[in-house]
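Enquirer: Before I ask anything, let me first share the structure, which is written out below as structure tokens.
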Amino acid sequence: MTGGFPQRTLKRRQSNRQSMSAGKPTGTVEKRVWDHKGENVDPMISVERFAAHWRVPLEPLAAVHEVYPFVLSRHFAGLITSPGDALWRQVVPDVRELDALDPFGLQDPLGEERRSPVPNLVHRYPDRVLWIVTDACAVHCRFCTRKRRWSRSMPLTEDHVRAALDYIQKNPSVRDVLLSGGDPLMLPVDFLEALCAALREIPHVRILRIGTRVPFADPRRVTPSVARRLAAFQPIYINIHVNHPQEISPESREACRFLADAGIPLGSQTVLLKGVNDDAAVLGTLFTELLTLRVRPYYLLQMDLMHGTAHFRTPLTAGPQLMAALRHRISGLAIPQVVVDLPGGLGKVPLTASAVVRLEEDRAVFRNAAGEEAAYPLEPGEEERVRRLLGAR
Ligand code: SF4
């Protein structure tokens with residue numbers, strides 16, 4: 001298989017190395033970003049400029065930025081309406097990220113590194129792999145599960161590409177490859193296309209998927225040409241990360257239209273975030289609007305236990321309660337599945353009674369399909385509410 005990966009594209013990728021390394025700390029300079037042809041198109045907003053624009057003190061933002069870099073597209077910055085709004089909270093550094101006293105926080109909450117048989121490829125479920133093809137993103141979500149990689153980027157080298165393709169080829173159980181990151185739609189489209197083409201040469205890979213926030217975070221990157229080129233690799237699914245109706249703009253509507261018109265099925269992933277979208281009216285608006293964009297709400301995710309993100313975590317009962325409040329009020333088509341991705345890389349389980357094995361004083365213990373158990377912390381006093389809501393033992 002390795003011989004099948006287009007050398008021409010790998011060479012082009014190396015010449016576009018800047019686009020692959022976006023997401024590294026930049027200090028005081030504005031980060032340059034690159035379009036799908038590898039051309040410099042638009043600077044990201046620097047933390048200094050952002051603080052000056054909103055007339056907020058730079059020092060606290062810069063202190064967090066030193067550890068967990070600030071990255072913000074002009075587009076997303078333009079959707080923020082006031083300090084502390086739902087978009088601000090998602091992307092602006094918060095000193096609570098540096099909180100050393102996060103007893104449940106983990107640097108690699110989904111155990112991805114120990115489940116990587118080759119660099120940047122995570123094999124967690126028997127029939128699927130997740131391939132981290134870039135660390136670049138249009139925005140740095142402050143609650144990101146992979147923020148460990150922001151200042152310790154693990155670029156996809158030519159050797160890594162070969163190793164991943166070899167691994168997939170030698171494992172016929174792998175039928176489904178999810179390209180993730182970072183954000184695959186930050187890559188030059190030639191390179192992304194070459195990855196898809198190489199995967200399509202492996203007969204047992206039946207389905208390709210792309211996980212991205214670009215259609216809402218930097219939608220001008222999605223052109224009709226990009227959509228058509230990706231649609232050449234059917235069946236290919238795109239799952240879009242979107243958390244709040246304020247993220248929906250004329251440009252993101254257009255990006256979704258390009259992808260849907262090209263024939264690519266679209267789904268959404270929404271992270272349930274305290275103080276951002278833990279509200280039935282907000283989620284109801286988001287999910288029903290997504291349907292108008294031909295994006296099917298797919299997952300509502302309980303926060304992963306990423307270190308320094310406890311201020312975003314909602315109680316385990318919040319997701320099921322919110323969806324119960326929305327049932328009958330909005331179409332069943334607009335209701336996503338509420339899931340928790342179990343710590344340690346045990347995979348996603350639905351947040352339902354059948355997944356909970358037992359409740360302990362400060363945690364709920366879940367069991368995955370393989371019979372493995374993992375615990376998720378409960379908030380003080382939450383045990384009884386979980387017991388009632390889930391009917392758990
Ligand atoms: S877009 Fe995804 S990978 Fe990038 S920072 Fe946000 S959550 Fe993390």
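Enquirer: Report the label-to-label distance for E113 and T292 in nanometres (one decimal), using points 7 Å from each Cα along the Cα→Cβ vector.
Expert: 4.5
Enquirer: How many lysine pairs are close in the chain, with Cα atoms under 20 Å apart and the two 8 or more places apart or on different chains?
Expert: 5
Enquirer: How big is the antiparallel share of DSSP beta bridges in the chain, given as a percent to the nearest 5?
Expert: Rounded to the nearest five, the antiparallel share is 40 percent.
Enquirer: Calculate the all-directions average of the projected area of the chain's alpha-carbon convex hull, and give it in nm².
Expert: Orientation-averaged projected area of the Cα hull: 18.2 nm².
Enquirer: Please report the base-10 log of the normalised intensity I(q)/I(0) for segment 175-311, using a Debye sum with one equal scatterer per alpha carbon and no solvent, at each q in 0.11, 0.12, 0.18, 0.20 (1/Å).
Expert: -0.41, -0.48, -1.01, -1.18
Enquirer: Could you give the length gained on full extension between A260 and A353, defined as 0.36 nm per residue of separation minus the Cα-Cα distance, in nm?
Expert: 29.9 nm
Enquirer: Before anything else, pin down the relative contact order of segment 1-314: Cα pairs under 8 Å, at least 6 apart, normalised by residue count, whole percent.
Expert: Reported relative contact order: 20 percent.
Enquirer: Turning to a different aspect of this structure: Hey, rough spin-label estimate for R96 and A62, points 7 angstrom out along Cα→Cβ, what's it come to in nanometres?
Expert: Computed distance between label sites R96 and A62 equals 2.5 nm.
Enquirer: Please report how far the C-alpha centroid of segment 248-291 lies from that of segment 152-198, rounded to the nearest whole angstrom.
Expert: So the two Cα centres are separated by 26 Å.
Enquirer: What order, most packed first, do the peptides 297-303, 97-103, 318-324 have when packing is the mean number of other Cβ atoms within 10 Å of each residue?
Expert: In decreasing order of mean packing, 297-303, 97-103, 318-324 become 297-303, 318-324, 97-103.
Values in this text are rule-based calculations from the coordinates and carry no lab data. Computed from a prediction, not measured in an experiment: that's the story for all the values here. Positions of Cβ are backbone-derived with ideal geometry, glycine not excepted, and every protein chain shown enters the neighbour counts.
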